[in-house]
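The values are calculated or read from the model by the stated rules, or taken from the named source; none is laboratory data. Fair warning: this is a prediction, and the values are worked out from it, not measured in the lab. Glycine also receives a Cβ, built like all others from the backbone with ideal geometry; neighbour counts cover every protein chain displayed. Ligands, DNA and RNA are excluded from the accessible area calculation, which covers all protein heavy atoms including side chains. Shrake-Rupley method; radii C 1.70, N 1.55, O 1.52, S 1.80 Å.
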Amino acid sequence: MLDRHLSEFWILRVAKKYSSHQVGNRYGAALLQVASQKKAVGSVHGDLTLLQELIAREATLAAALKSPVFPDMDKLVLLQQLLAVYEKQGGHVFHQITRNLLQIVAANSKFAALPQIITMFLLLARQAEG
C-alpha cells in the first residue's frame, strides 16, 4: 500500500515538473516573440536576468512564488513592489513587456513556472543572437 502511494506521489511530482517546463517553454518562446516584435529583447533580457538573480538570491521569494498557499494576485503585488523598490533605488526601469508577463503569469496561475519561463527566454534570446 505504501509503495503504491509513493509511486503515485512521484508520478504526480514528475508530471507537475514536466508541466512546469512545458509552460515555461511556451511562455518563454511567446515572450521572445513579443519582445522581438517590439524591439525590446535587450530590455526584457536585462529585466529577466535581474529577476532571475533576485529569485535565486532570495529563498523566501522563491518559496513564496512556488507556494500554492499564497494567492497569485498577492504574488503579483509582491513582485510589483520589489520592482518598484529596484526602480527607486537602482534606477533600473522594468519594461512594460516584463510587467505584462508578470500579470499574465498571475492571471493564469503559473508562478511556479516563472523560473523556467525566465530560463527559456534567456536561452532563446542567446540563440537568436547567434
*Condition test on D74, is it in a helix (DSSP H, G or I), of a type in the set (D, E) and within 26 Å of L123 (Cβ to Cβ)?*
no
*Residue pairs meeting the criteria (Cβ under 8 Å; at least 6 apart or on separate chains; first touching a residue at least 24 places away in the same chain (Cβ under 8 Å) and among the β-branched types (V, I, T), in region 39-54; second outside any helix (DSSP H, G or I) and open to solvent by 40 Å² or more (accessible area, probe 1.4 Å))*: V44/H95
*Just give me the residues in region 109-126 being part of a helix (DSSP H, G or I) and either without any contact (Cβ under 8 Å) to a residue 40 or more places away in the chain or under 10 Å from the mean Cα position of the chain (by Cα) (or both), in sequence order.*
F111, A112, A113, L114, P115, Q116, I117, I118, T119, M120, F121, R126
*For A106, are the conditions met, namely being open to solvent by less than 50 Å² (accessible area, probe 1.4 Å) and in contact (Cβ under 8 Å) with a residue 40 or more places away in the chain?*
no
*Residue count, region 49-71 (criterion: assigned to a helix (DSSP H, G or I), open to solvent by less than 90 Å² (accessible area, probe 1.4 Å), farther than 21 Å from L123 by Cβ and out of contact with any Phe, Trp or Tyr (no Cβ under 7 Å at 6 or more places or on another chain))*: 3
*Quick one: in region 78-99, which of the residues that are farther than 21 Å from E58 by Cβ and touching a residue at least 12 places away in the same chain (Cβ under 8 Å) is nearest to the chain's Cα centre (by Cα)?*
I97
*Only listed residue being open to solvent by less than 70 Å² (accessible area, probe 1.4 Å), at pLDDT 95 or above, at negative phi and not polar (S, T, N, Q), chosen from L101, L83*: L101
